[in-house]
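The values are calculated or read from the model by the stated rules, or taken from the named source; none is laboratory data. As the structure is a computational prediction, the values presented were derived from the model and not from experiment. Every residue, glycine among them, receives a Cβ derived from its backbone with ideal geometry; neighbour counts consider all protein chains shown.
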Amino acid sequence: MRLKGKISSSLKILNFILLEKRSPVAARINLNNRCAYRCTYCNVWNTPTKEMTTKEVFSLIDQLKKLGTERISISGGEPMLRKDIGKIISYCKKQKISTDMNTTGFAFDRRIGEIRDLDLIKFSLDGNEESHDPVRGKGTFRKTMNSIEIACKNKMKFSFAATLTRKSTNVENIDFLLQLSKRYNTFTAFQPLKEMHKGVKDISHLAPEKEQYKEAIHFLIAKKKEKAWAKHIRNSLQGLLHIEDWPRYKQLKCHAGDIFIIIQPNGDIIPCDRIKDTYKEPIPNFLDQGLENSFNSLPKVHCSGCGFCGALELNFISNKVIDVIPEIRRVVSR
(Lines give C-alpha, C1' and ligand atoms only; values in the text may rest on other atoms or scores of the structure.)
Protein backbone atom coordinates (compact mmCIF):
# COMPACT_ATOMS: atom_id res chain seq x y z
CA MET A 1 0.00 0.00 0.00
CA ARG A 2 1.38 3.42 -0.88
CA LEU A 3 2.10 5.85 1.97
CA LYS A 4 -1.14 7.78 1.33
CA GLY A 5 -3.17 4.55 1.55
CA LYS A 6 -1.40 3.43 4.72
CA ILE A 7 -2.09 6.76 6.40
CA SER A 8 -5.74 6.70 5.28
CA SER A 9 -6.46 3.19 6.60
CA SER A 10 -4.56 3.89 9.84
CA LEU A 11 -6.63 7.03 10.45
CA LYS A 12 -9.88 5.13 9.92
CA ILE A 13 -8.87 2.49 12.44
CA LEU A 14 -7.73 5.23 14.82
CA ASN A 15 -11.12 6.94 14.43
CA PHE A 16 -12.78 3.72 15.50
CA ILE A 17 -10.45 3.21 18.49
CA LEU A 18 -10.80 6.77 19.79
CA LEU A 19 -14.22 7.87 18.54
CA GLU A 20 -15.93 4.50 17.88
CA LYS A 21 -16.60 5.66 14.32
CA ARG A 22 -17.39 2.48 12.40
CA SER A 23 -16.03 2.03 8.87
CA PRO A 24 -15.53 -1.18 6.82
CA VAL A 25 -11.80 -0.64 6.24
CA ALA A 26 -11.53 -4.25 5.01
CA ALA A 27 -14.15 -6.30 3.15
CA ARG A 28 -14.26 -9.80 1.74
CA ILE A 29 -16.47 -10.40 -1.28
CA ASN A 30 -17.47 -14.03 -1.71
CA LEU A 31 -18.33 -14.01 -5.40
CA ASN A 32 -19.77 -17.52 -5.58
CA ASN A 33 -20.37 -20.78 -3.76
CA ARG A 34 -19.09 -22.83 -6.68
CA CYS A 35 -15.83 -24.75 -6.47
CA ALA A 36 -14.06 -27.44 -8.47
CA TYR A 37 -12.71 -29.01 -5.28
CA ARG A 38 -14.44 -30.91 -2.46
CA CYS A 39 -12.35 -30.10 0.61
CA THR A 40 -13.53 -32.24 3.50
CA TYR A 41 -13.96 -29.33 5.95
CA CYS A 42 -15.85 -27.12 3.49
CA ASN A 43 -19.47 -27.33 2.39
CA VAL A 44 -19.65 -24.16 0.32
CA TRP A 45 -19.83 -26.09 -2.97
CA ASN A 46 -22.99 -27.80 -1.70
CA THR A 47 -24.85 -24.55 -0.90
CA PRO A 48 -25.91 -23.11 -4.27
CA THR A 49 -27.04 -19.50 -4.25
CA LYS A 50 -27.85 -16.64 -6.58
CA GLU A 51 -24.79 -14.64 -7.63
CA MET A 52 -24.46 -10.91 -8.13
CA THR A 53 -24.11 -9.73 -11.72
CA THR A 54 -21.01 -7.88 -12.88
CA LYS A 55 -22.92 -4.61 -12.70
CA GLU A 56 -24.06 -5.35 -9.14
CA VAL A 57 -20.51 -6.19 -8.07
CA PHE A 58 -19.30 -2.89 -9.58
CA SER A 59 -22.01 -1.06 -7.62
CA LEU A 60 -20.90 -2.85 -4.46
CA ILE A 61 -17.28 -1.79 -5.01
CA ASP A 62 -18.41 1.82 -5.58
CA GLN A 63 -20.36 1.77 -2.32
CA LEU A 64 -17.48 0.17 -0.42
CA LYS A 65 -15.17 2.88 -1.69
CA LYS A 66 -17.63 5.54 -0.53
CA LEU A 67 -17.75 3.99 2.96
CA GLY A 68 -13.96 4.06 3.21
CA THR A 69 -12.88 0.53 2.31
CA GLU A 70 -9.13 0.30 1.70
CA ARG A 71 -8.81 -3.42 1.12
CA ILE A 72 -10.98 -5.98 -0.69
CA SER A 73 -10.34 -9.70 -0.48
CA ILE A 74 -12.02 -11.62 -3.30
CA SER A 75 -13.07 -15.14 -2.45
CA GLY A 76 -15.66 -17.86 -3.03
CA GLY A 77 -16.13 -20.80 -3.55
CA GLU A 78 -13.53 -20.47 -6.22
CA PRO A 79 -13.55 -16.92 -7.68
CA MET A 80 -11.72 -18.08 -10.82
CA LEU A 81 -14.97 -19.81 -11.85
CA ARG A 82 -16.46 -16.35 -12.48
CA LYS A 83 -16.15 -15.43 -16.16
CA ASP A 84 -15.91 -11.76 -15.18
CA ILE A 85 -13.19 -12.15 -12.53
CA GLY A 86 -10.70 -10.09 -14.54
CA LYS A 87 -13.16 -7.23 -14.95
CA ILE A 88 -13.97 -7.23 -11.22
CA ILE A 89 -10.30 -7.14 -10.21
CA SER A 90 -9.55 -4.36 -12.69
CA TYR A 91 -12.49 -2.34 -11.38
CA CYS A 92 -11.12 -2.58 -7.84
CA LYS A 93 -7.79 -1.36 -9.18
CA LYS A 94 -9.51 1.52 -10.95
CA GLN A 95 -11.03 2.54 -7.60
CA LYS A 96 -7.54 2.42 -6.02
CA ILE A 97 -8.54 -0.32 -3.56
CA SER A 98 -5.90 -2.86 -2.52
CA THR A 99 -7.17 -6.22 -3.81
CA ASP A 100 -6.19 -9.79 -3.05
CA MET A 101 -7.79 -13.11 -4.00
CA ASN A 102 -8.18 -16.46 -2.25
CA THR A 103 -7.87 -19.33 -4.71
CA THR A 104 -6.90 -22.95 -5.28
CA GLY A 105 -5.13 -21.84 -8.44
CA PHE A 106 -7.93 -23.11 -10.68
CA ALA A 107 -7.49 -22.33 -14.40
CA PHE A 108 -4.29 -20.29 -13.93
CA ASP A 109 -2.81 -21.92 -17.03
CA ARG A 110 -5.56 -20.33 -19.13
CA ARG A 111 -6.52 -17.14 -17.31
CA ILE A 112 -3.45 -15.73 -15.59
CA GLY A 113 -3.53 -12.67 -17.87
CA GLU A 114 -6.96 -11.68 -16.57
CA ILE A 115 -5.84 -11.27 -12.96
CA ARG A 116 -2.65 -9.24 -13.37
CA ASP A 117 -4.13 -6.29 -11.47
CA LEU A 118 -4.20 -8.28 -8.21
CA ASP A 119 -1.97 -7.00 -5.41
CA LEU A 120 -1.75 -10.44 -3.83
CA ILE A 121 -2.81 -14.01 -4.64
CA LYS A 122 -3.44 -16.21 -1.60
CA PHE A 123 -3.10 -19.88 -2.55
CA SER A 124 -4.86 -22.47 -0.39
CA LEU A 125 -2.04 -24.88 0.40
CA ASP A 126 -2.10 -27.09 3.48
CA GLY A 127 1.44 -28.40 3.09
CA ASN A 128 3.17 -31.22 1.26
CA GLU A 129 1.33 -33.69 -0.95
CA GLU A 130 0.77 -36.17 1.90
CA SER A 131 -0.85 -33.47 4.03
CA HIS A 132 -2.72 -31.54 1.34
CA ASP A 133 -4.32 -34.16 -0.91
CA PRO A 134 -6.20 -36.26 1.72
CA VAL A 135 -8.18 -33.15 2.69
CA ARG A 136 -8.48 -31.28 -0.61
CA GLY A 137 -8.53 -34.17 -3.11
CA LYS A 138 -6.09 -36.41 -4.96
CA GLY A 139 -3.87 -34.51 -7.37
CA THR A 140 -4.76 -31.06 -5.99
CA PHE A 141 -1.28 -30.47 -4.54
CA ARG A 142 0.39 -30.82 -7.94
CA LYS A 143 -2.26 -28.63 -9.57
CA THR A 144 -1.78 -25.90 -6.98
CA MET A 145 2.01 -26.07 -7.26
CA ASN A 146 1.72 -25.71 -11.03
CA SER A 147 -0.39 -22.57 -10.56
CA ILE A 148 2.14 -21.21 -8.08
CA GLU A 149 4.87 -21.63 -10.70
CA ILE A 150 2.71 -19.81 -13.25
CA ALA A 151 2.19 -16.91 -10.84
CA CYS A 152 5.92 -16.85 -10.12
CA LYS A 153 6.88 -16.76 -13.80
CA ASN A 154 4.43 -13.90 -14.32
CA LYS A 155 6.05 -12.00 -11.42
CA MET A 156 2.84 -11.78 -9.42
CA LYS A 157 2.92 -11.41 -5.64
CA PHE A 158 1.49 -14.42 -3.83
CA SER A 159 1.37 -16.12 -0.44
CA PHE A 160 0.03 -19.34 1.06
CA ALA A 161 -2.86 -20.04 3.45
CA ALA A 162 -2.73 -23.33 5.35
CA THR A 163 -5.54 -24.87 7.39
CA LEU A 164 -4.29 -26.79 10.42
CA THR A 165 -5.93 -30.22 10.23
CA ARG A 166 -5.00 -33.61 11.67
CA LYS A 167 -3.05 -34.30 8.46
CA SER A 168 -1.19 -31.00 8.22
CA THR A 169 -0.47 -30.13 11.85
CA ASN A 170 3.00 -31.51 12.45
CA VAL A 171 6.43 -29.94 12.64
CA GLU A 172 7.65 -31.66 9.47
CA ASN A 173 4.81 -30.23 7.40
CA ILE A 174 5.00 -26.77 9.01
CA ASP A 175 8.71 -26.72 8.16
CA PHE A 176 7.89 -27.73 4.57
CA LEU A 177 5.61 -24.67 4.24
CA LEU A 178 8.24 -22.37 5.75
CA GLN A 179 10.91 -23.72 3.41
CA LEU A 180 8.54 -23.24 0.47
CA SER A 181 7.81 -19.69 1.62
CA LYS A 182 11.54 -19.00 1.79
CA ARG A 183 12.06 -20.47 -1.68
CA TYR A 184 9.48 -18.12 -3.19
CA ASN A 185 10.34 -15.20 -0.86
CA THR A 186 6.80 -15.05 0.51
CA PHE A 187 4.87 -16.07 3.65
CA THR A 188 2.27 -18.53 4.93
CA ALA A 189 -0.80 -17.78 7.04
CA PHE A 190 -1.61 -20.63 9.42
CA GLN A 191 -5.33 -20.96 10.19
CA PRO A 192 -6.78 -23.16 12.94
CA LEU A 193 -9.56 -25.50 11.88
CA LYS A 194 -12.99 -24.07 12.70
CA GLU A 195 -16.62 -24.85 11.96
CA MET A 196 -18.05 -22.14 9.73
CA HIS A 197 -21.39 -20.47 9.04
CA LYS A 198 -23.35 -22.95 6.88
CA GLY A 199 -20.30 -25.21 6.79
CA VAL A 200 -19.75 -28.92 7.41
CA LYS A 201 -21.49 -29.67 10.70
CA ASP A 202 -19.00 -32.15 12.13
CA ILE A 203 -15.29 -31.74 11.43
CA SER A 204 -14.06 -33.37 14.63
CA HIS A 205 -12.41 -36.19 12.64
CA LEU A 206 -10.21 -33.57 10.95
CA ALA A 207 -9.11 -31.87 14.16
CA PRO A 208 -5.51 -32.41 15.27
CA GLU A 209 -4.78 -33.91 18.66
CA LYS A 210 -4.21 -31.22 21.28
CA GLU A 211 -0.55 -32.11 21.92
CA GLN A 212 0.07 -32.42 18.19
CA TYR A 213 -1.40 -28.94 17.67
CA LYS A 214 0.54 -27.36 20.56
CA GLU A 215 3.84 -28.78 19.31
CA ALA A 216 3.22 -27.25 15.87
CA ILE A 217 2.24 -23.84 17.29
CA HIS A 218 5.24 -23.80 19.65
CA PHE A 219 7.45 -24.54 16.64
CA LEU A 220 5.91 -21.58 14.79
CA ILE A 221 6.31 -19.29 17.82
CA ALA A 222 10.00 -20.21 18.06
CA LYS A 223 10.47 -19.58 14.31
CA LYS A 224 8.61 -16.27 14.54
CA LYS A 225 11.16 -15.10 17.10
CA GLU A 226 13.98 -15.80 14.63
CA LYS A 227 14.68 -12.87 12.31
CA ALA A 228 15.46 -15.13 9.36
CA TRP A 229 12.07 -16.88 9.54
CA ALA A 230 9.71 -14.25 10.96
CA LYS A 231 8.99 -12.70 7.56
CA HIS A 232 7.87 -16.07 6.18
CA ILE A 233 5.09 -16.41 8.79
CA ARG A 234 2.04 -14.24 8.11
CA ASN A 235 0.70 -14.58 11.67
CA SER A 236 1.99 -12.06 14.18
CA LEU A 237 3.65 -13.32 17.35
CA GLN A 238 0.60 -12.05 19.26
CA GLY A 239 -1.63 -13.98 16.88
CA LEU A 240 0.28 -17.23 17.40
CA LEU A 241 0.17 -16.83 21.16
CA HIS A 242 -3.58 -16.16 20.90
CA ILE A 243 -4.32 -19.39 19.01
CA GLU A 244 -2.00 -21.51 21.18
CA ASP A 245 -4.91 -22.81 23.30
CA TRP A 246 -7.18 -23.73 20.37
CA PRO A 247 -10.06 -24.56 20.27
CA ARG A 248 -10.51 -22.18 23.20
CA TYR A 249 -9.12 -18.70 22.77
CA LYS A 250 -7.93 -15.94 25.05
CA GLN A 251 -10.49 -13.18 25.43
CA LEU A 252 -10.32 -10.49 22.76
CA LYS A 253 -13.17 -8.13 21.94
CA CYS A 254 -14.36 -8.82 18.40
CA HIS A 255 -15.07 -5.94 16.02
CA ALA A 256 -16.48 -7.94 13.13
CA GLY A 257 -19.07 -5.67 11.53
CA ASP A 258 -17.31 -2.56 12.82
CA ILE A 259 -14.12 -2.39 10.76
CA PHE A 260 -14.52 -5.43 8.47
CA ILE A 261 -17.45 -7.15 6.77
CA ILE A 262 -18.28 -10.09 4.51
CA ILE A 263 -20.45 -9.80 1.38
CA GLN A 264 -22.08 -13.05 0.28
CA PRO A 265 -22.64 -14.03 -3.39
CA ASN A 266 -26.31 -12.99 -3.29
CA GLY A 267 -25.58 -9.56 -1.77
CA ASP A 268 -26.19 -10.46 1.90
CA ILE A 269 -23.94 -8.57 4.32
CA ILE A 270 -22.67 -10.29 7.46
CA PRO A 271 -20.03 -9.31 10.02
CA CYS A 272 -18.19 -12.63 9.74
CA ASP A 273 -18.60 -16.14 8.33
CA ARG A 274 -16.29 -17.78 10.85
CA ILE A 275 -19.19 -18.60 13.17
CA LYS A 276 -20.77 -22.00 13.70
CA ASP A 277 -24.42 -21.05 14.08
CA THR A 278 -26.80 -18.90 12.06
CA TYR A 279 -27.31 -15.25 12.94
CA LYS A 280 -30.24 -14.56 15.27
CA GLU A 281 -31.09 -11.17 13.75
CA PRO A 282 -32.18 -10.55 10.13
CA ILE A 283 -29.34 -10.40 7.60
CA PRO A 284 -29.42 -7.24 5.43
CA ASN A 285 -28.88 -7.32 1.67
CA PHE A 286 -27.21 -4.36 -0.01
CA LEU A 287 -29.13 -4.97 -3.25
CA ASP A 288 -32.35 -4.27 -1.35
CA GLN A 289 -31.34 -1.42 0.93
CA GLY A 290 -27.91 -0.17 -0.13
CA LEU A 291 -24.58 -0.89 1.51
CA GLU A 292 -24.59 1.93 4.06
CA ASN A 293 -28.01 0.99 5.45
CA SER A 294 -26.97 -2.68 5.45
CA PHE A 295 -23.76 -1.86 7.30
CA ASN A 296 -25.72 0.09 9.90
CA SER A 297 -28.16 -2.78 10.47
CA LEU A 298 -25.75 -5.71 10.68
CA PRO A 299 -26.66 -8.54 13.07
CA LYS A 300 -24.57 -9.02 16.19
CA VAL A 301 -21.81 -11.60 16.35
CA HIS A 302 -22.21 -14.36 18.96
CA CYS A 303 -18.98 -16.35 18.84
CA SER A 304 -16.71 -18.31 21.15
CA GLY A 305 -13.59 -16.72 19.69
CA CYS A 306 -11.62 -16.53 16.48
CA GLY A 307 -8.22 -17.70 15.30
CA PHE A 308 -8.67 -16.51 11.70
CA CYS A 309 -5.49 -14.60 10.93
CA GLY A 310 -6.82 -11.56 9.04
CA ALA A 311 -9.77 -10.85 11.33
CA LEU A 312 -7.76 -11.61 14.44
CA GLU A 313 -5.11 -8.99 13.69
CA LEU A 314 -7.64 -6.32 12.78
CA ASN A 315 -9.20 -7.06 16.18
CA PHE A 316 -5.80 -6.68 17.81
CA ILE A 317 -5.43 -3.20 16.28
CA SER A 318 -8.96 -2.28 17.37
CA ASN A 319 -7.99 -3.36 20.88
CA LYS A 320 -4.93 -1.06 20.75
CA VAL A 321 -2.36 -3.83 20.16
CA ILE A 322 -0.54 -1.75 17.57
CA ASP A 323 2.59 -3.85 17.13
CA VAL A 324 0.70 -6.16 14.72
CA ILE A 325 0.45 -3.31 12.18
CA PRO A 326 3.64 -4.32 10.28
CA GLU A 327 2.16 -7.79 9.69
CA ILE A 328 -0.93 -6.27 8.08
CA ARG A 329 1.00 -3.73 6.03
CA ARG A 330 2.99 -6.35 4.14
CA VAL A 331 -0.24 -8.08 3.11
CA VAL A 332 -2.19 -4.98 2.12
CA SER A 333 -0.10 -3.39 -0.63
CA ARG A 334 -0.75 -1.57 -3.86
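I'm checking my understanding of the structure. Among residues of region 206-262 that are assigned to a loop (DSSP other than H, G, I, E, B) and basic (K, R), which one is farthest from L67 (Cα to Cα)? If you could, list the steps in order and put the result at the bottom.
First, the residues of region 206-262 that are assigned to a loop (DSSP other than H, G, I, E, B): 207-209, 225-226, 231-232, 234-236, 243-255, 257-259.
Subsequent filtering for residues that are basic (K, R) retains 225, 231, 234, 248, 250, 253.
Working: K225: 37, K231: 32, R234: 27, R248: 34, K250: 31, K253: 23 Å.
Per the stated criteria, the residue is K225.
Any residue that is farther than 27 Å from E51 by Cβ and either loosely packed, with under 14 Cβ neighbours inside 10 Å or modelled with pLDDT of 95 or more (or both) - is there at least one of those in region 260-280?
Our first condition is that a residue be farther than 27 Å from E51 by Cβ; within region 260-280, this holds for none.
No, region 260-280 contains no residue that is farther than 27 Å from E51 by Cβ and either loosely packed, with under 14 Cβ neighbours inside 10 Å or modelled with pLDDT of 95 or more (or both).
Do we find that T140 is modelled with pLDDT under 95 and surrounded by 16 or more Cβ atoms within 10 Å (Cβ to Cβ) in this structure? Give the derivation first.
Values: modelled with pLDDT under 95: no; surrounded by 16 or more Cβ atoms within 10 Å (Cβ to Cβ): yes.
No: the conditions fail for T140.
Which condition does R38 not pass, out of (1) charged (D, E, K, R); (2) in a loop (DSSP other than H, G, I, E, B); (3) under 21 Å from the mean Cα position of the chain (by Cα); (4) modelled with pLDDT of 95 or more, if it passes all the others?
With respect to (1) charged (D, E, K, R); (2) in a loop (DSSP other than H, G, I, E, B); (3) under 21 Å from the mean Cα position of the chain (by Cα); (4) modelled with pLDDT of 95 or more, R38 is out only on (4).
Just give me the residues in region 218-247 being touching a residue at least 12 places away in the same chain (Cβ under 8 Å), out of contact with any Asp or Glu (no Cβ under 6 Å at 6 or more places or on another chain), farther than 23 Å from C42 by Cβ and not aliphatic (A, V, I, L, M), in sequence order.
Answer for region 218-247, where residues must be touching a residue at least 12 places away in the same chain (Cβ under 8 Å), out of contact with any Asp or Glu (no Cβ under 6 Å at 6 or more places or on another chain), farther than 23 Å from C42 by Cβ and not aliphatic (A, V, I, L, M): H218, F219, K223, K224, K225, W229, K231, H232, Q238, H242, E244.
Residues L118, L60, L64: which one is within 22 Å of A311 (Cα to Cα) and assigned to a loop (DSSP other than H, G, I, E, B)?
None of the others qualify; the one that does is L118.
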